Amino acid sequence: MKVIAIMYNKGVNSVRLSVLVFLLVLLGSCKTTKNTFLNRNFHNTTTRYNWYFNANESYKSGVKKLQGQSKDDFNQLLSVYPLGTKKEAQSVSPQMDKALKKCAVAINKHSMLIKGKEYNRWIDNSYLLIGKSYFYKQEYIKAVEAFRLVSRQFLGDITFYEAFIWLINTYVEMNDFSSADLVIENVLMDETFPQDLNQQLSLALANYHIAIEDYDLAIEELNTAVSLTKKKREKSRGLFILAQLYSMQDNFALATDYFTKVIRTSPDYEMVFNAKINRARSFDTSTGGSDVIIAELQKMLKDDKNKEFLDVIYFGLAELSNRQNKIKEAIPLYELSVSTSVKNDAQKALSSVILADIYYDKQSYRPSQAYYDTAVVFMNSQNQRYKNAQQKQLTLTELISNLDIIENQDSLQRIALMPEKERTAFVDDLIRKIEEEERKEKELENQRRSENNFFTDRTQSQNKFNVNQNRGGGWYFDNPNTLSFGFSEFKRKWGKRKLEDNWRRSNKKTLSVEEALADTIDADVFDPKNRDSYIKNLPLTIDAIKASNNMIVEAYFDAGVIYKEQLEDVPQAIKTFETLNDRFPFSENRVMVLYFLHRLHDEKGNIDFADDYKDQLIKEFPNSDYAKLVMDPSYMQELSEANSSLQSQYEQAFTLYNRSKYKECVAICKRVNTKNPNNLLYPNFDFLSTQANAHKSNKNTYIANLEHIIQKYPKHSVAESAKQILSLLKMEADSEDISPFEGDSPYVVKPDAAHYFILLFNDYDLELSIAKSTLSDYHSEYYRLARLNISSLLFKEHTHLITIREFGNQAKAMEYYQAFQNGDVRGVFGGDYTAFVIAGPNFPYFFKNKDVEGYNKMFKENYKN
């Protein structure tokens, strides 16, 4: 009343005062617990035009943003609902959270739920919008709760039926197809379902049938949805998906027809462009007339606005040639697709994997490995092709590594066996090539500098009165200073590289003689222009030739096993083993080589050859397991049972060791080796016993026992492990006098100390041999002169530790760490690995205590930050 009095005194007329009094009385009486005309209208109006309107606007802006940043892969079946990745969904959280908050306030303040019935007509819309917001945030459980509430509480309303449609979509995204099926059954049985929602329902049903791979029903529902859709973008997307589905069913005539419809109706250039490409891929070759499609694609190649899509166009041409069984024509087109792909990782991966498959089927393993390598790097790990491509890439990487060893060592021996004058002339010629290459590179660098200066002078002249114009923004390549800096940074990090595809990955071509020679160089004393630097590393002595031959023998054998076991390429396996047999008839692997050749020829039906190798095996190695296998087929079962028992006993001993029951562990090791001195795991039991005994012996005795292991089993993996432990013991001795860097931390900060790069990964994620081979290839390409050593230890029962050493200081180690984390080499390790660098004095404590968590904290604080 005080407010009214004041207003009256200020001259407010009586009519306005009456209206104000009425509104104040109205506001005071609009309770949510009374179902009156005034109450309903007030809360309906406020909810609709205030809270719900603003919430819906925020929701729509979030959906628009998500659809704008979600990039379609037109080589894969498009999704009916473009929801984006989890990360992209998180980017619209602000918009969706705003919608959620406003809907919650609307429900809290304006819900008129009286005796189980809601009298505010916009509360159901608010609950539905909450579910839709959670759906686009990909928080599906919360979305289900909201939609189910609407379906229970608002029976018969339009939102009741909408909630069912959204429930279907949500269950599909959750892969809960049984729940989706129940909802669909209820909806289809409801004769009162509103016709206005038929288009939305058909889309949801199409999405469901695509998810369960029932493409016939998906096509039926999607055709219905497209016929009911008026929006051009939605219609063209539906037509594109229909074309893809027809293509997947090999109905190329209808696929071509529907892609043509997309071209005619879509307002989106990218979709039209990809429809043309996919029409070429799905063209019905039996009808002829491909010349028109080819001419259209070749015309697109010349269009300037398609420059960033050249990879896609070449891919379309390649696919058309492939479908016409013109593989020779398709291969260079696929290669062009890979080499011109700059921004489209999905396209680069697809073109690469198809090329890799073609070369794999042709048994051209070098190019196949190179393209699988590219495919794995650029392919999404969720892609259905990924696992197969990764497995083949790993297999072929190991094969090529062995073939390179053979070529490398043969090249070195060939140089070593040259007459001295000829050898000297060869090295001198190599030095001249290096000097000539340096001269050309200097000329090229001078030319670049001149061009940069020219552009810089022009820029300075043009901007004489606007000196701040190029500070900050602008396109990178429009700023010569930035461009020059970028080139310098590139060269500093990666060295001088040709402008070619795959520059950052290992070169998969055959090694040249020069490269083979360079691989043996000691970085500490190497001078690329000094003749002695090359010659002193050649295998010029009998011992050096013997060591080189041993490497060749092992590489031949390993390559033969890969051909036989993993590639199932019997002819190539036979060729490799026979070459090994001919070149090195007295190798340590001869017994296995003879056995493999017997089995391989028997498998091929070459009975005479098989019998010859069987006779040689029995004659030369009559007491070997392999001879017994060919003479008595039942011996395999006996051997298998014995090995199974042996493995079981080793696992038992290893488990006891891990539980610190060293006495019991030693007892099992001694019992097994005494009872069966010829068992295959004899070195492993011996080494495990040495490790267990170390806990009751002094340090000197332990060191002596490890040295005995190395001497007794020089070529076995236990010798390598023993060497690593000896290195640790030496580092521990060197670091005993160093104090912790601060507080109670066991670690020291020594930036100038030698550093190691450490890599931890699980054995079930990646084989150790593949990991080491991959890193070896990486070093051969990018760290040839660094002479880095790769070694491994069993860190835990299923965890391998690889050390790469050593780096002169912290800065050099961190450069390697950054290159590894940013490079393609890490791809084979997947996402579940741990990598860091560590100073030599810190390594013994870290390894002894398996202190991953503690050291990671130190690494983040003192290295990464």
Taking square-rooted eigenvalues a ≥ b ≥ c of the alpha carbon gyration tensor, is the range 333-454 rounded, prolate or oblate, where a/c under 1.5 means rounded and, failing that, a/b exceeding b/c means prolate?
oblate
Residue by residue through the range 797-804, what is 3J(HN,Hα) from phi via Karplus (6.51 cos²θ - 1.76 cosθ + 1.60, θ = phi - 60°)? Round to whole Hz and write x for glycine and proline.
4, 10, 10, 9, 10, 10, 10, 10
Calculate, for Glu565 and Gln652, the FRET efficiency according to 1/(1 + (r/R0)^6) with r their C-beta to C-beta distance and R0 22 Å; round to the nearest 0.05.
0.15
Length added when fully stretched, Asn388-Glu436, from 0.36 nm per residue minus Cα-Cα:
12.9 nm
One checks the Cα atoms of the range 109-240 and finds Rg and Dmax, in Å, of 15.4, 50
Environment charge at Glu118 (Cβ cut-off 10 Å; Lys +1, Arg +1, Asp -1, Glu -1):
0
Amide H neighbours of Asp284 under 5 Å, at least 5 residues apart or on other chains, H built in the peptide plane: list them.
none
Taking θ = phi - 60°, what integer Hz values does the Karplus form 6.51 cos²θ - 1.76 cosθ + 1.60 yield along the range 71-78, in sequence order, with x for Gly and Pro?
9, 6, 9, 6, 7, 10, 4, 5
Modelled label-to-label distance, Asp196 and Met631, 7 Å Cα→beta-carbon offset: nm?
9.0 nm
For the chain, the accessible surface attributable to carbon and sulfur atoms (probe 1.4 angstrom, ligands and nucleic acids excluded) amounts in percent to 50 percent
Counting only C-alpha contacts under 8 Å and six or more residues apart, can you give the relative contact order of the chain as a whole percent?
6 percent
With every protein chain kept in place and a 1.4 Å probe, the chain has an accessible area per residue in Å² of 55 Å²
Cα-based helix-to-principal-axis angle, 607-620 vs the chain, degrees rounded to 10:
60 degrees
Segment Lys31-Asn550, length gained on full extension (0.36 nm per residue, minus Cα span):
177.5 nm
The answer for Ile114, listing residues at least 5 apart or on another chain whose modeled amide H is closer than 5 Å to its amide H, is Tyr119
Under a Cβ-Cβ cut-off of 10 Å, what is the net charge of the residues other than Asn789 that fall near it, where Lys and Arg count +1 and Asp and Glu count -1?
+1
Which of rounded, prolate or oblate describes the range 295-365 when judged by the alpha-carbon gyration tensor and an a/c cut-off of 1.5?
oblate
Suppose R0 equals 22 Å. What FRET efficiency, 1/(1 + (r/R0)^6) with r the Cβ-Cβ distance, do Lys575 and Glu620 give to the nearest 0.05?
0.50
Per-residue ³J(HN,Hα) for the range 277-284, Karplus 6.51 cos²θ - 1.76 cosθ + 1.60, θ = phi - 60°, Hz, x for Gly and Pro
5, 6, 5, 5, 5, 9, 4, 6
Please state the shape class of the range 520-627: rounded when a/c is under 1.5, otherwise prolate if a/b exceeds b/c and oblate if not, all from the C-alpha gyration tensor.
prolate
Distance between modelled label sites at Asp291 and Asn678, nm, 7 Å Cα→Cβ extension:
7.5 nm
Could you work out the per residue convex hull volume over the alpha carbons of the chain, in cubic angstrom?
319 Å³
Within the under-14-Å Cβ sphere about Thr47, not counting Thr47, Lys/Arg +1 and Asp/Glu -1 give a net charge of +3
Considering the Cα trace of the range 754-812, what is its radius of gyration and what is Dmax, both in angstroms?
12.0, 35
Distance between modelled label sites at Glu270 and Leu77, nm, 7 Å Cα→Cβ extension
2.2 nm
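The values are calculated or read from the model by the stated rules, or taken from the named source; none is laboratory data. Just so it is clear, the structure is predicted and the values come from calculations on it, not from any experiment. Note that we place each Cβ from the backbone using ideal geometry, even for glycine, and neighbour counts take in every protein chain shown. The protein model used for the area step is the full one, side chains on, heavy atoms only, and it has no ligands, DNA or RNA in it. Shrake-Rupley method; radii C 1.70, N 1.55, O 1.52, S 1.80 Å.
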